[in-house]
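Enquirer: Let me give you the structure first, and then I'll get to my questions.
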Amino acid sequence: MSDGDSPGFSEPGNSLSSRIRLALVFSAVLVTVVFVAFLYNHYETEHTKKYQYASLESISRLKTDQIVNWRTEQIQDALRFSRNPSFVKKLSEWIKYPENMDLKREIQDRCVREQKAEGFAEVIITDLEGKMLLSTEHDNSIVNPEVRQAIKEVVSIGQARLSDLYMSPSGKVRLATIAPVLNEAGKPFAAVL
């Protein structure tokens with residue numbers, strides 16, 4: 001050792017190489033941390049996407065099932081009403097004898113009870129062409145050309161169905177559940193909305 005050397009101090013060249021090594025180690029650690037963070041972020045993003053897609057798929061399946069069930073219930077309610085033997089008999093008689101006001105009142109009362117019990121916006125009875133015969137709300141605008149066409153289709157196939165969505169003159173979006181009213185021979189003679 002020379003006089004100017006002190007223990008623990010390295011030569012200037014060694015100090016620079018230590019700093020470089022330290023900088024390289026720090027850089028390697030930094031690159032590793034950034035790389036691990038990137039991988040973690042990528043994993044979490046993919047995991048979140050899969051979770052969100054699964055959640056949306058579950059919600060859409062649930063909503064689809066609810067709509068299908070609602071549609072089925074609407075059609076079943078309309079069929080139950082339109083196929084009630086007492087209702088069919090009275091309606092058939094009234095169509096033959098429209099001047100019978102007592103019978104008309106009975107049918108009207110029955111329609112109002114059905115409207116209230118099922119929560120329908122309205123109950124309408126039409127002929128085979130879609131001409132309104134009786135209505136709980138007396139709104140002739142409900143049976144528009146689109147609904148008339150749907151009534152004709154229901155009557156021709158003899159099965160209940162929902163109309164397409166349509167806009168009423170009052171600006172409300174509507175959807176009609178239409179069921180044929182069948183006579184004893186199974187032939188339609190009216191329709192219920």
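The values are calculated or read from the model by the stated rules, or taken from the named source; none is laboratory data. Keep in mind the model is a prediction, meaning the values are calculated, not measured. Methodologically, a virtual Cβ is constructed for each residue, glycine included, from the backbone with ideal geometry; neighbour enumeration extends over all protein chains shown. Note: areas computed on protein heavy atoms with side chains; ligands, DNA, RNA excluded. Shrake-Rupley method; radii C 1.70, N 1.55, O 1.52, S 1.80 Å.
Enquirer: Report yes if Ser27 is among the polar types (S, T, N, Q) and closer than 30 Å to Ile178 by Cα, otherwise no. Lay out the reasoning, then the answer.
Expert: On the way: among the polar types (S, T, N, Q): yes; closer than 30 Å to Ile178 by Cα: no.
Taking the combined requirement at face value, the residue does not satisfy it.
Enquirer: Moving on. Report whether or not Val192 is in contact with a Ser or Thr (Cβ under 9 Å, 6 or more places away or on another chain) and touching a residue at least 60 places away in the same chain (Cβ under 8 Å). I'd like the intermediate steps shown before the answer.
Expert: Working: in contact with a Ser or Thr (Cβ under 9 Å, 6 or more places away or on another chain): yes; touching a residue at least 60 places away in the same chain (Cβ under 8 Å): yes.
Considered against the rule, which asks whether it is in contact with a Ser or Thr (Cβ under 9 Å, 6 or more places away or on another chain) and touching a residue at least 60 places away in the same chain (Cβ under 8 Å), Val192 comes out as yes.
Enquirer: Sort out which residues of the range 49-87 are among the basic types (Lys, Arg) and closer than 28 Å to Ile124 by Cα, and write them in order of number. Steps first, answer last, please.
Expert: Within the range 49-87, the first condition is being among the basic types (Lys, Arg), and the residues that meet it are 49-50, 61, 63, 71, 80, 83.
Arg71, Arg80, Arg83, listed by residue number.
Enquirer: Can you report the number of residues in the range 83-118 which are touching a residue at least 60 places away in the same chain (Cβ under 8 Å) and outside any helix (DSSP H, G or I)?
Expert: So the count comes out to 1.
Quick grid of which residues meet (1) within 27 Å of the chain's Cα centre (by Cα); (2) surrounded by fewer than 19 Cβ atoms within 10 Å (Cβ to Cβ):
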residue: Gly119; (1), (2): yes, yes
residue: Glu129; (1), (2): no, yes
residue: Val143; (1), (2): yes, no
residue: Val154; (1), (2): yes, no
residue: Asp164; (1), (2): yes, yes
residue: Ala179; (1), (2): yes, no
residue: Asn183; (1), (2): no, yes
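Enquirer: Here is a further query. If you go through the range 11-18 one residue at a time, do you hit one that is open to solvent by 70 Å² or more (accessible area, probe 1.4 Å), at pLDDT 90 or above and in a helix (DSSP H, G or I)? Let's see the steps before the verdict.
Expert: Within the range 11-18, the subset open to solvent by 70 Å² or more (accessible area, probe 1.4 Å) is 11-12, 14, 16.
Filter once more, keeping what is at pLDDT 90 or above: none.
No: the range 11-18 contains no residue that is open to solvent by 70 Å² or more (accessible area, probe 1.4 Å), at pLDDT 90 or above and in a helix (DSSP H, G or I).
Enquirer: What number of residues within the range 37-80 satisfy the criterion of being open to solvent by less than 80 Å² (accessible area, probe 1.4 Å) and either touching a residue at least 60 places away in the same chain (Cβ under 8 Å) or small (Gly, Ala, Ser) (or both)?
Expert: Adding up the residues that qualify gives 10.
Enquirer: Looking at the structure I just gave you, is Ala150 within 26 Å of Ile67 (Cα to Cα) and part of a loop (DSSP other than H, G, I, E, B)? Full working, then the answer.
Expert: Working: within 26 Å of Ile67 (Cα to Cα): yes; part of a loop (DSSP other than H, G, I, E, B): no.
Considered against the rule, which asks whether it is within 26 Å of Ile67 (Cα to Cα) and part of a loop (DSSP other than H, G, I, E, B), Ala150 comes out as no.
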